[in-house]
Amino acid sequence: MSELRTAAETAVHQCLELEAEESCVVVTDDEREPIGEALYEVTREVTDDATIVRYPPGEQHGAEPPAPVAAAMRGADAFLAPTTKSLSHTRARSDATDDGARGATLPGITEEVFVTGLDADYDRIAAECERTLERVADADEIRVTTDLGTDIRFAVGDREWYDDTGDVSESGSFSNLPAGEVFVSPVSADGTFVVDGTMRPHGLLEDGHRLEFEVEDGLVTEISDDEIRSQVEAASEEVGDAAYNLAELGIGTNVGVTDLVGSVLLDEKAAGTVHIAIGDNASIGGETEAPIHLDGILRGPTVYADGEEIELPEA
């Protein structure tokens, strides 16, 4: 429990910078209760207006939480959400931050990832985010290649790049924890990407296991993996082509993450990696709403901004 407490103190004091006069809600579920309780214990030492809300784990990442959970997030000054299924790309989260609440989601967090991922130099992570953002922010097109066959081009259009530094001290700010990425919701994309790192539901891929995706005009048209294809097809029954949306391009900037461990939350932040997501992007600058947001991590990418290779952060 002492290790959980140390990580919780980093989240509450360094990332959230919670003040005594503020209200804070910890949102968790039945499978992440120890992490939720550790965060709650630290928050209630800071403020008398601390609350913990627990509910059964959601059915899938990006699914909306129960209405009382959404109301609690929206009504607080700050929130922390360690949950089994991600709340990052939900209306509940975006409505809360739009109303001025600030906070962080910790989707799929485990006790190991919680302790490891929050034992980091967040000032250096912020500096790497700033440097990476400067390299890509004005580009019209980003191209990503890998030795395994990835070759995909992203049209950025007028979409804004965002950085996830872990600093959620300002009203309305939002981050994943552990943090460390620069990302955009492209207006379109074309090409092929091959995931060889981590992707749900498989976790960390074994050597030789590859997941291949074909993309045309911003939609994923072919998926090599049966399980992932089934998830997307199920979502498409509800929202149609929105489930196949090429939702996100992200670049990892967390120089403290030296090895992939099988947690998307942590592995997508690893310095020197790229992640590409399918599904919802309405909460991160896009226009597509879908009940899924599936990130796949690519090792050893080369990234070009308007044809010029950029230097990626290194662990």
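Data overview
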{"read-out": "Members of segment 230-271 found to be out of contact with any helix residue (DSSP H, G or I) (no Cβ under 7 Å at 6 or more places or on another chain), charged (D, E, K, R) and within 23 Å of Arg131 (Cα to Cα), listed by number", "value": "Asp259, Asp267, Glu268, Lys269"}
{"read-out": "When residues of segment 85-120 are limited to those that are under 17 Å from Tyr40 (Cα atoms) and among the polar types (S, T, N, Q), the one farthest from the chain's Cα centre (by Cα)", "value": "Thr110"}
{"read-out": "Qualifying residue in segment 200-221 (condition: hydroxyl-bearing (Ser, Thr, Tyr), within 21 Å of the chain's Cα centre (by Cα) and closer than 23 Å to Ala282 by Cα)", "value": "no"}
{"read-out": "The lone exception for Arg93 - which of (1) in the same structural domain as Asp259 (by TED's automatic domain parsing); (2) surrounded by 23 or more Cβ atoms within 10 Å (Cβ to Cβ) it fails", "value": "(1)"}
{"read-out": "Of residues in segment 1-27 being in a helix (DSSP H, G or I) and of a type in the set (A, V, I, L, M, F, W, C), the one farthest from Ala76 (Cα to Cα)", "value": "Leu4"}
{"read-out": "Criterion violated by Ser88 - all others in (1) part of a loop (DSSP other than H, G, I, E, B); (2) at pLDDT 95 or above satisfied", "value": "(2)"}
{"read-out": "Residue count, segment 182-196 (criterion: closer than 15 Å to Glu268 by Cα and under 16 Å from the mean Cα position of the chain (by Cα))", "value": "3"}
{"read-out": "Within segment 103-168, strands (runs of 3 or more DSSP E) holding 1 or more residues that are crowded, with 23+ Cβ neighbours inside 10 Å, at pLDDT below 95 and outside the structural domain of Cys24 (by TED's automatic domain parsing)", "value": "162-164"}
{"read-out": "Some residue of segment 61-77 being buried (at least 18 other Cβ atoms within 10 Å of the Cβ), modelled with pLDDT under 95 and under 15 Å from the mean Cα position of the chain (by Cα)", "value": "yes"}
{"read-out": "Among the candidates Glu3, Glu33, Glu19, residue that is in contact (Cβ under 8 Å) with a residue 60 or more places away in the chain, acidic (Asp, Glu), out of contact with any Leu (no Cβ under 6 Å at 6 or more places or on another chain) and farther than 30 Å from Glu287 by Cβ", "value": "Glu3"}
{"read-out": "Residues that are among the aliphatic types (A, V, I, L, M) and either out of contact with any strand residue (DSSP E or B) (no Cβ under 8 Å at 6 or more places or on another chain) or within 22 Å of Ser2 (Cβ to Cβ) (or both), drawn from segment 22-52", "value": "Val26, Ile35, Ala38, Leu39, Val42, Val46, Ala50, Ile52"}
{"read-out": "Filter result (crowded, with 24+ Cβ neighbours inside 10 Å and more than 21 Å from the chain's Cα centre (by Cα)) within segment 19-60", "value": "Cys24, Ala38, Val42, Thr43"}
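The values are calculated or read from the model by the stated rules, or taken from the named source; none is laboratory data. These numbers were taken from a predicted model, which means no experiment stands behind them. All Cβ positions, even for glycine, are placed from backbone atoms using ideal geometry, and neighbour counts span all protein chains on display.
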